[in-house]
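Below is one structure, written out as structure tokens; comments come after it.
The values are calculated or read from the model by the stated rules, or taken from the named source; none is laboratory data. What you see is a predicted model; the values in this text were computed from it and never measured. Here the Cβ positions follow ideal geometry from the backbone for every residue, glycine too, while neighbour counts run over all protein chains shown. Calculation scope for accessible area: heavy atoms of the full protein, side chains included, ligands and nucleic acids excluded. Shrake-Rupley method; radii C 1.70, N 1.55, O 1.52, S 1.80 Å.
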Amino acid sequence: MTRRRTRKKMAQHLAKASLLVAIFLPVQAQAAASAWVTSPGGAIRIVASQPRPDGSIPAILEIKLEPGWKTYWRDPGASGIPPQVTLDPAGGIALEAIRFPAPKTFGEGPGRYAGYDSSVAFPLVLKRVSDEKDLAVRASVFLGVCEDICIPVQGTLDLALKSGDFDNPLDSARIEKAVAALPEPPSGDFRIAKAVFDAAAGTIHLDLRLPQGAGKPEIFLAGPAGVSFGPSVVGDLTGADRRVDIPVKLAGKDRTIAGKPIALTVRAGDRSMETTLAFD
């Protein structure tokens, strides 16, 4: 055997050995996802990516629903349990907000509520508040799911964000999809043209500019404690605008909405829009 052939065989053996090493080396940990917490009707978990340079951490609360089951929006109405998430500050991460896609309306009369009838993901606004390299999410989650009756779901979701880990493209895609499903901000063809609170009548009057051909909109409002809302009355279309009247119910000692921010979400056709109302 010539020296040239010997070198060739050695190169082939080294290539095979390198391939085997590459196959059997442990894969570096991926972006974090907690274990699923299951209950009748579905399951919940948290998925998160690595912190960004500004300290923000892309994440979602993912809710998997079985057919026929529903879960609730941030302000479901008189019946229902809104999602609640509390983080352990020892993990070095703070929860600043939960964001919601536009819901649907279910039921009639006192049993009317706002929610979702298929699996849904709520983007979480998380912020790094620690200088530690490794971070942890330990979230206490409480929400409701319902079929014929409402069932409370409570659990603790744990995941670690290790410094130097890579994001899992599939998890990143889940987060991006959830953010893309959020209502859009107001725009020229989809916005509130005018908002007035009639204290004597206890009614919010809105002039709502709708996208062309959107049809009758669905209106959802969420206010602070002590402020609730009756069913919206949507008037006839005048050009691109509709008049919307919303009864306001006030409880407690402070019977006013002055200076209290109210989140408004509008579903119109295949689009949704979200803005904040504020009254003097």
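Things to note:
- Separation of alpha-carbon centers, region 148-195 and region 255-280, rounded to whole Å: 19 Å
- Per residue, the convex hull spanned by the Cα atoms of region 119-247 amounts to 217 cubic angstrom.
- Between helix 169-180 and the chain: long-axis angle, C-alpha atoms, 0 to 90°, nearest 10: 10 degrees
- Per residue accessible area in Å² of region 209-252, where ligands, DNA and RNA are left out and the probe is 1.4 Å: 52 Å²
- Estimated FRET transfer efficiency when R0 is 30 angstrom, pair ALA199-SER79 (beta carbons, to 0.05): 0.65
- Projecting the Cα atoms of GLN154, PRO231, THR256 onto the dipole axis of the chain, where Lys and Arg carry +1 and Asp and Glu carry -1 at the beta carbon, places GLN154 farthest toward the positive end.
- Between the Cα long axis of helix 3-24 and the first principal axis of the chain there is an angle of about 30°, rounded to the nearest 10.
- Restricting the calculation to Cα atoms, every distinct pair contributes to the Kirkwood radius of region 37-181, found to be 15.8 Å.
- Using the Cβ-Cβ distance between GLU176 and ALA258 with R0 set to 35 Å, the FRET efficiency from 1/(1 + (r/R0)^6) comes to roughly 0.35.
- Simple spin-label estimate for THR156 and ILE98 in nanometres, 7 Å along Cα-Cβ: 1.9 nm
- Here the extension length gained between GLU147 and ALA225 equals 25.4 nm, from 0.36 nm per residue of separation less the Cα-Cα distance.
- Subset of LYS104/LYS177; LYS70/LYS177; LYS104/LYS216; LYS70/LYS249; LYS133/LYS177; LYS104/LYS194 violating a 22 Å alpha-carbon distance limit: LYS70/LYS249; LYS133/LYS177; LYS104/LYS194
- Approximate shape of the chain as ellipsoid semi-axes (Cα gyration tensor, √5λ), whole Å, largest first: 48, 21, 19
- Listed residue (VAL145, PRO76, ILE46) projecting farthest to the positive dipole end of the chain, Cβ model: ILE46
- Share of carbon and sulfur in the accessible heavy-atom surface of the chain [1.4 Å probe, %]: 54 percent
- Viscosity 1.567 mPa s, 4 °C: Kirkwood-radius Stokes-Einstein D of region 191-279 over Cα pairs, µm²/s: 97 µm²/s
- Packing order of peptides 135-142, 42-49, 271-278, highest average first: 42-49, 135-142, 271-278 (average count of other Cβ atoms within 10 Å over each peptide's residues).
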